[in-house]
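Since the structure comes first, as structure tokens, the remarks are kept for the end.
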Amino acid sequence: MNALTATRRQFLRRSGLGFGSAALATLLEESPLACASGLLPKPHHAPKANRVIYLHMIGAPSHLDLFDHKPELKKRDGQECPEELLKGRRFAFIGGKLTLAGSPFKFAKHGKSGLELSELLPNLATVADHLALVKTVHTEEINHAPAQMFLRTGFGRGGRPAFGSWVAYGLGSESQNLPTYVVLLSGPLGGAGTALWGSGFLPSVYQGVQFRTTGDAVLHLGNPPGQSPEDRHRILDAIKRLNEEQLDAVGDPEIATRISQYELAFKMQTSVPDLMDISKEPKEVLESYGAQPGKGSFANNCLLARRLVERGARVVELYDADWDHHGAIATRLPAKCKDVDRGAAALIKDLKRLGMLDDTLVV
Amino acid sequence: MSDKAPDAYEKVVDRLLASPQFGVKWARPWLDAARYADSHGFQRDDLRDLWAYRDWVVSALNADIPFDRFTIEQLAGDLLPNATQAQKIATGFNRSAPTNVEAGSDPEDTRVNQVFDRVNTLSTVWLGSTLECAQCHDHKYDPFSQKDYYRLFAFFNSTAIEADRANPKVPGSIKFLGPVMELNDPAADVARMKLQVELATVTKKLAARAEELHAPDAVWESATRKAVADSPREHLLEVTRFDSSGGATHEVLKDGSVLLSGDPPDKDTYTVTAKTNLVGIRGFKLEALTDSSLPGKGPGRGDAVRPNFVLNTFAVTVSKPDGKPSVVKLKAAKADFSQANMPVAGAIDADPKTAWAINPQFGKPHWAVFGTDAPLGFDGGAVFTFTLVQDYGGGRTIGRLRLSALTGGTDTAIPSKVSDALAVAAEKRTAAQQKAVLDYRQSQDAESTRLHAEQRRLEAGLVQVPTVKTLVMQELLAPRPTTVFKRGDFRAPGERVEPGTPGALHAFDPKAERNRLGLAKWLVSKDNPLTARVTVNRLWAELFGAGLVTTPEDFGAKGEPPTHPELLDWLACELQEPTPQAPLPEGKGEKSPAWSVKHLLRTIVLSSIYRQSARLTPDLRAKDPENRLLARGPRFRLDAEAIRDNALSIAGLLSPKLGGPPVRPPQPEGLWVKVGGERYDYVVSAGEDKYRRGLYVVWKRGAPYPGFVAFDGPARVACRVARPRTNTPLQALTLLNDPVYVEAALSFAKRVVTEKPDATTDDRIAHAFRLAVAREPGAKEVAVLKALFDAERDAMARTPAAAKQLVKDFAAPAKVPPAEFAAWYAVCVALLNLDETITKG
């Protein structure tokens, strides 16, 4: 865009339609008009976070049993629910006689801040002073999928860009050989599915890239059987030379972009398997996360998240399945907490150790 | 071009316009706008048939149905006088709106959202306006009031609901509904008729036999009464409490069975409590029943194709009321049917892995009986708690179950309602008791049993006769009143409004119908300043990569003004009413009809502006990088479907077949895994269907074909009138490594060597080059490919195992040495990956 003729309208339009060019960060750095136009006034605090790791428990863990201690509720455990709590409310699945359920788990204060946490999260308790609990989040969506969409896109239905897409779009890429926005899964994907990291009306280049935990991490990453890296290199070399011929003849800059994207694809063929191979991590690191090379576990994904942000990913989202516990809180919740508590705490400690916690948000 | 005649270019254009593939190409952008897909979207995302609408679009474009009729039939075909089947199919345009059938969703919310979607789509497609802004408040930039919005809403507010609770009391029981039309298929009609006639005969015979059996038969009655006295009896247990660990909702039906609903959890454990005053209980009967609300009728909940259940553990405890429960020891399990590797005994043994299941006897009720060690029951009543553990996963849980206690033994019991009825004198029995006796007598009667089996066979046959169905619009007899929704919230109705069009636009013809038909006519009225411009702009964008208005979705104050307003206006008039001196399509001597899309496309592609070279000089690049001023011809990447079509065509694989159900090309495994709704195995289409054009590839909103997603194919969850055009490394990986493109490269290589059997390597390279990019290669280009060919042939000759592995199951030409074929493969991969191959211009 020619900065001298840029109007606010054009700026918004081009950002919206994209064509893969106008990343906010680049514009802010490059355009002398960006600040003068008052387009994006600076926030009242200095922005610190450069990347986000987001841990999503599919099915919604019971906050009353983990983060939100309710002693009064515990006292009234088993009593009938007072009428005034129910009046005028609509519930998706609850019917018949309603009783109050206090948490069967013990809470204690941790760290200097005295953060109250349930006994189910002993490892997370050791990093209590690095945690801030937000207890005011609320949605009117009564179902998993729309509520997830609301949480991730700000809107209960499809069609809007995911949080990570906005970050990728706004902050741009730090990595030369990996995607900016990566999604990792442990267990089957429930709820709203892949729409949770869709780019909505932003160009698809900003959508999250799901790295699979078995087989190729990225679709079609491996060469077809029988084609060696040398063969591939020769083919890519020919493609490059022919594309350069075409660039000379036609002059379309898209051809130059394509040439560089083929180079990135080639780099990803080695960088992604290298990223996913955690077997070379020191034993004590693997131990701290509870990670085991070759497994598709949440612990492994926590470690991969750290490796990804180290390599320049902006947004890493971890989705863990099977948190929709209903009547099985007593048995399933402790088991699931065991799956995630250690890895999540280790991730925070590890980022701190590497000096990355200051500018990495873990949500 | 080999044709050197001065009108050679025109002839090619006319040939392409007349090709049946014309409709396939031009249906793609229209189906993006129509948000056409093969699944209903949201979490459930089940498939449903709407492809007849997709085929209607293709044939309408091929027939060059005038755009005004094209509009009217899609928006209101059902309201035309004596509407034809095709006109009703066309209304599938608006049935493409995504439908939310997630358990617990509010049907009215879903319905209102679908109407919003219809209004917004109409406004984008025909008015090029962001009318959706006026859903919550007056439009901030364009002259549309919130009231205008809801007046348009009123036109669409009177069709049947499309998702509702199957059972009004159970919020989880949302079902996909809405008007469905069966399409004519003479062959299927004949087959169906024949079965129906046979079925009628059998049913008549059964009724006659029932009449005979209904006649009092003292001998049979006394014998049966004696049998009752000696035999075990069933007593239905009344369920007092039911819990599902997976959070499934349930309802106790009149017959005492428990019907589950909601999204089936992966695994589930039911806890069922029942009280009874019976004593001398010798066993329990568990029935797993079918129900029309279950996928494939059940009895399992997991999916419609294999509605199995896997019962890992069936356990019972007994207690006096308020007493302590003790475990009941069960033995001698038997069932009407057990799956080969999952016998019913597995449900009561100590091993939680063994279980009772019923594959392949789906869609039928089943029962199991478990004996007790000692007679159970207390005077003053007993409480039984049954635990049904179903841990297999995949929703293999029972969808409808009923529990009975058995007294007298566990042999096949005479149902209690029969024995109760027999205790009453024949002439004093109630209608229900008479029926119970007759049903039992029939079940014991060989002739009736045979006729019943025959009846079931014919019914199953009828279900199997394929019926083609499609979703259509249908007006309710009594229109729904419409109000403004305050802040766009359907729970906050405001002022009442009647159907009407925005005041800032041309007037609604007072003689026209105040329904969708009138609305459609209003859209294509000559007085409408928008429809023709917006349409022409979209067609232009499809040809040039960008419209004369670069915001095809917004012609309003926030949109970009046209770069060539006079041209846009002239083209819009040309679409509505072609000038007589304009070139005539397909060489016919008459004036082109009004609203002819083919005429307009022909006019544009014959223009000198379209036929310019796409070459971008440094000067042009500096002055007009985005080609807004059209000083050069269009050059842009092909769309997702066209990239695959093009590669298959170069490879000689592409099937030109038109129409029919969606096809499934190969894709990586596991992409269709989802929670809730029906489960589908992704089975790759057989034969030529694997190589059909991209338009026919199944469009599943939750998991669109990944080869298209990589090239900006949308999920089709909402109307889109432009696709972004990204340039990413994932596109490179797709073209290089996706098995679809690997196979295309192998076939391309085969084509090159078999079509030029005796040619030199250079000639073959030139041939391949022409096939890929439709021009002669330059000397340098041949040299690059020759070098690649030589290097690969040498490398592959050194590693014969790799060459063999590369070709694998592919039928490579026998006469060509493997190393040489592998080298041709490399050349073909390079050609299929060229920027020029996937770019127009």
For segment B:327-391, please list each of the strands (runs of 3 or more DSSP E) lying entirely inside it that holds at least 1 residues being β-branched (Val, Ile, Thr).
B:366-376, B:382-390
Residues of segment B:587-618 that turn out to be within 14 Å of chain A (Cβ to nearest Cβ) and either modelled with pLDDT of 90 or more or assigned to a loop (DSSP other than H, G, I, E, B) (or both), as a count
6
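To keep it simple, each residue is scored yes or no on (1) of a type in the set (Asp, Glu); (2) surrounded by fewer than 22 Cβ atoms within 10 Å (Cβ to Cβ); (3) outside the structural domain of B:Leu388 (by TED's automatic domain parsing); (4) in contact with a strand residue (DSSP E or B) (Cβ under 8 Å, 6 or more places away or on another chain).
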| site | (1), (2), (3), (4) |
| --- | --- |
| B:Leu278 | no, yes, no, yes |
| B:Gly283 | no, no, no, yes |
| B:Thr290 | no, yes, no, yes |
| B:Lys297 | no, yes, no, no |
| B:Gly300 | no, no, no, yes |
| B:Ala304 | no, yes, no, no |
| B:Pro307 | no, no, no, yes |
| B:Val310 | no, no, no, yes |
| B:Thr317 | no, yes, no, yes |
Specify which of the listed residues (A:Ala321, A:Ala345, A:Ala265) is surrounded by 16 or more Cβ atoms within 10 Å (Cβ to Cβ) and away from every other protein chain (no Cβ under 14 Å).
A:Ala345
Of all the residues that make up segment B:649-687, how many are at pLDDT 95 or above and outside any loop (DSSP other than H, G, I, E, B)?
4
Sole residue being part of a strand (DSSP E or B) and more than 30 Å from B:Pro661 (Cβ to Cβ), chosen from B:Arg496, B:Arg491
B:Arg496
Tell me which strands (runs of 3 or more DSSP E) are completely within segment B:183-262 and hold 2 or more residues being within 14 Å of chain A (Cβ to nearest Cβ) and either under 27 Å from B:Leu451 (Cα atoms) or touching a Cys at 6+ places or on another chain (Cβ under 8 Å) (or both), or say none if there are none.
none
Of all residues in segment A:198-229 being more than 7 Å from chain B (Cβ to nearest Cβ) and assigned to a helix (DSSP H, G or I), the one that is surrounded by the fewest Cβ atoms within 10 Å (Cβ to Cβ):
A:Pro229
Residue that is nearest to B:Glu73 (Cα to Cα) [pool: residues in segment B:515-526 that are assigned to a loop (DSSP other than H, G, I, E, B) and modelled with pLDDT of 95 or more]
B:Val524
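Table: residues versus (1) among the small types (Gly, Ala, Ser); (2) more than 46 Å from the chain's Cα centre (by Cα); (3) under 29 Å from B:Asp266 (Cβ atoms).
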residue: B:Gly323; (1), (2), (3): yes, yes, no
residue: B:Gln361; (1), (2), (3): no, no, yes
residue: B:His366; (1), (2), (3): no, no, yes
residue: B:Ala374; (1), (2), (3): yes, yes, no
residue: B:Phe378; (1), (2), (3): no, yes, no
residue: B:Val389; (1), (2), (3): no, no, yes
residue: B:Thr397; (1), (2), (3): no, no, yes
Within segment B:720-738, does at least one residue satisfy the condition of being within 11 Å of chain A (Cβ to nearest Cβ) and more than 23 Å from A:Arg258 (Cβ to Cβ)?
yes
Right, B:Ala826: facing another protein chain (nearest Cβ under 10 Å), crowded, with 19+ Cβ neighbours inside 10 Å and touching an Asp or Glu at 6+ places or on another chain (Cβ under 8 Å) or not?
yes
What are the residues in segment A:156-177 that are within 14 Å of chain B (Cβ to nearest Cβ) and either of a type outside the set (A, V, I, L, M, F, W, C) or under 16 Å from B:Gly41 (Cα atoms) (or both), if any?
A:Gly156, A:Arg157, A:Gly158, A:Gly159, A:Arg160, A:Pro161, A:Ser165, A:Tyr169, A:Ser173, A:Ser175, A:Gln176, A:Asn177
The conditions are (1) more than 14 Å from every other protein chain (Cβ to nearest Cβ); (2) polar (S, T, N, Q); (3) in contact (Cβ under 8 Å) with a residue 24 or more places away in the chain, and B:Ser685 fails exactly one of them. Which is it?
(3)
Only one of A:Gly296, A:Gly251, A:Gly290 is within 18 Å of A:Arg342 (Cα to Cα), among the small types (Gly, Ala, Ser) and within 14 Å of chain B (Cβ to nearest Cβ). Can you tell me which?
A:Gly296
Using beta carbons and a limit of 6 Å, which pairs, at least six apart or on different chains, have the first residue in segment B:102-127 and more than 12 Å from chain A (Cβ to nearest Cβ) and the second one assigned to a helix (DSSP H, G or I) and not polar (S, T, N, Q)?
B:Val115/B:Phe153; B:Val115/B:Phe156; B:Arg118/B:Phe156; B:Val119/B:Leu152; B:Val119/B:Phe153; B:Ser123/B:Leu131; B:Val125/B:Ala33; B:Trp126/B:Leu523
Scan segment A:235-243 and tell me whether some residue there is free of Cβ contacts under 8 Å to residues at least 40 places away in the same chain, part of a helix (DSSP H, G or I), over 25 Å from B:Ala787 (Cβ atoms) and more than 7 Å from every other protein chain (Cβ to nearest Cβ).
no
Considering only segment A:255-363, give the helices (runs of 4 or more DSSP H) lying wholly within it that have at least 1 residues that are within 22 Å of A:His56 (Cα to Cα) and at pLDDT below 90.
A:329-353
Filter pass, B:Glu836 being more than 8 Å from every other protein chain (Cβ to nearest Cβ), acidic (Asp, Glu) and more than 17 Å from A:Glu230 (Cβ to Cβ)
no
Checking the conditions here, which among B:Ala546, B:Ala640 is within 11 Å of chain A (Cβ to nearest Cβ) and modelled with pLDDT of 95 or more?
B:Ala640
Does segment B:739-749 contain at least one residue that is within 7 Å of another protein chain (Cβ to nearest Cβ) and part of a helix (DSSP H, G or I)?
yes
If we keep just the residues of segment B:688-718 that are assigned to a loop (DSSP other than H, G, I, E, B) and more than 14 Å from the chain's Cα centre (by Cα), which is modelled with the highest pLDDT?
B:Arg693
Number of positions in segment B:132-148 that are assigned to a helix (DSSP H, G or I) and either in contact with a strand residue (DSSP E or B) (Cβ under 7 Å, 6 or more places away or on another chain) or without any contact (Cβ under 8 Å) to a residue 60 or more places away in the chain (or both):
5
When A:Ala195 is run through (1) more than 10 Å from chain B (Cβ to nearest Cβ); (2) surrounded by 20 or more Cβ atoms within 10 Å (Cβ to Cβ); (3) modelled with pLDDT under 90, the failure sits at (1)
Yes/no for A:Thr360 being within 14 Å of chain B (Cβ to nearest Cβ) and over 30 Å from B:Phe711 (Cβ atoms):
no
Take the residues in segment B:761-806 that are outside any helix (DSSP H, G or I) and away from chain A (no Cβ under 11 Å), then tell me which one is nearest to the chain's Cα centre (by Cα).
B:Ala774
Among (1) modelled with pLDDT of 90 or more; (2) crowded, with 22+ Cβ neighbours inside 10 Å; (3) at the interface with another protein chain (Cβ under 10 Å from one of its Cβ atoms), the one test that A:Arg232 misses:
(2)
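The values are calculated or read from the model by the stated rules, or taken from the named source; none is laboratory data. Given the structure is predicted, the values throughout are model-derived calculations rather than measurements. Positions of Cβ are backbone-derived with ideal geometry, glycine not excepted, and every protein chain shown enters the neighbour counts.
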